[in-house]
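Visitor: Let me give you the structure first, and then I'll get to my questions.
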Amino acid sequence: MPTLLNPYLHFPGTAREALDFYRSVFGGDLDVMTYGEMGMDGDQAAQVMHGQLTAPSLTLMASDGMPGEELVRGNTSNLSLSGDDETELRGWFDRLADGGEVHVPLEKQVWGDVFGQCADRFGVTWLVNIAQPG
């Protein structure tokens, strides 16, 4: 098995909703383990301790914050999707942007590729680059 690098996202109690949304965008299989399944009681028991979406071309992991941990949103990380399947990547961009915000429209850029940037409804920033022939 090759070494993989994949994003691991943390949410303030909305990890299950986010993972379901990403599955609706990318397809794939979703496995979710809750804090309750690991023996935790109370309000956090139903929240996601670890979730993993495995789709044909990506693996995305996510969780809700640890008990007592404060999540601070920042602009220090983005998720990048790149390739040459324009239909697939345009579809993903459109679905990710639905209910979110387009920062850079998906269009041809000075470097020759088609590129766009959006934040999805959960505040996660996505960079989409479609390589052009030539």
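Visitor: So which of 73, 23 is under 17 Å from residue 122 (Cα atoms), under 12 Å from the mean Cα position of the chain (by Cα) and among the charged types (D, E, K, R)? Walk me through how you get there before you give the answer.
Guide: Values: 73 fails: under 12 Å from the mean Cα position of the chain (by Cα).
One residue alone meets the criteria, 23.
Visitor: Examine the range 90-103 for a residue that is open to solvent by less than 40 Å² (accessible area, probe 1.4 Å) and at pLDDT below 95, and state whether such a residue exists. Give the derivation first.
Guide: Start the filter on the range 90-103 by keeping residues that are open to solvent by less than 40 Å² (accessible area, probe 1.4 Å), which leaves 91-93, 96-97, 100.
Narrowing further to those that are at pLDDT below 95: none.
Scanning the range 90-103, I find no residue that is open to solvent by less than 40 Å² (accessible area, probe 1.4 Å) and at pLDDT below 95, so the answer is no.
Visitor: Which ones in the range 88-124 are touching a residue at least 12 places away in the same chain (Cβ under 8 Å) and among the aromatic types (Phe, Trp, Tyr)?
Guide: Of everything in the range 88-124, those that are touching a residue at least 12 places away in the same chain (Cβ under 8 Å) and among the aromatic types (Phe, Trp, Tyr) turn out to be 92, 93, 115, 122.
Visitor: Could you identify the single residue in 38, 49, 33 that is open to solvent by 30 Å² or more (accessible area, probe 1.4 Å), closer than 11 Å to residue 62 by Cα, of a type in the set (A, V, I, L, M) and out of contact with any Ser or Thr (no Cβ under 8 Å at 6 or more places or on another chain)?
Guide: Numbers: 38 fails: closer than 11 Å to residue 62 by Cα; 49 fails: out of contact with any Ser or Thr (no Cβ under 8 Å at 6 or more places or on another chain).
Of the residues listed, the single one that is open to solvent by 30 Å² or more (accessible area, probe 1.4 Å), closer than 11 Å to residue 62 by Cα, of a type in the set (A, V, I, L, M) and out of contact with any Ser or Thr (no Cβ under 8 Å at 6 or more places or on another chain) is 33.
Visitor: Which condition from (1) farther than 30 Å from residue 34 by Cα; (2) at pLDDT 95 or above is the one that residue 53 breaks?
Guide: In the conditions (1) farther than 30 Å from residue 34 by Cα; (2) at pLDDT 95 or above, residue 53 misses (1) alone.
The values are calculated or read from the model by the stated rules, or taken from the named source; none is laboratory data. Because the structure is a prediction, the values reported are computed rather than measured. Quick reminder, even Gly has a Cβ in these numbers, built from the backbone with ideal geometry, and neighbours come from all protein chains shown. We work out accessible area using only protein heavy atoms, side chains counted, and drop any ligands, DNA or RNA first. Shrake-Rupley method; radii C 1.70, N 1.55, O 1.52, S 1.80 Å.
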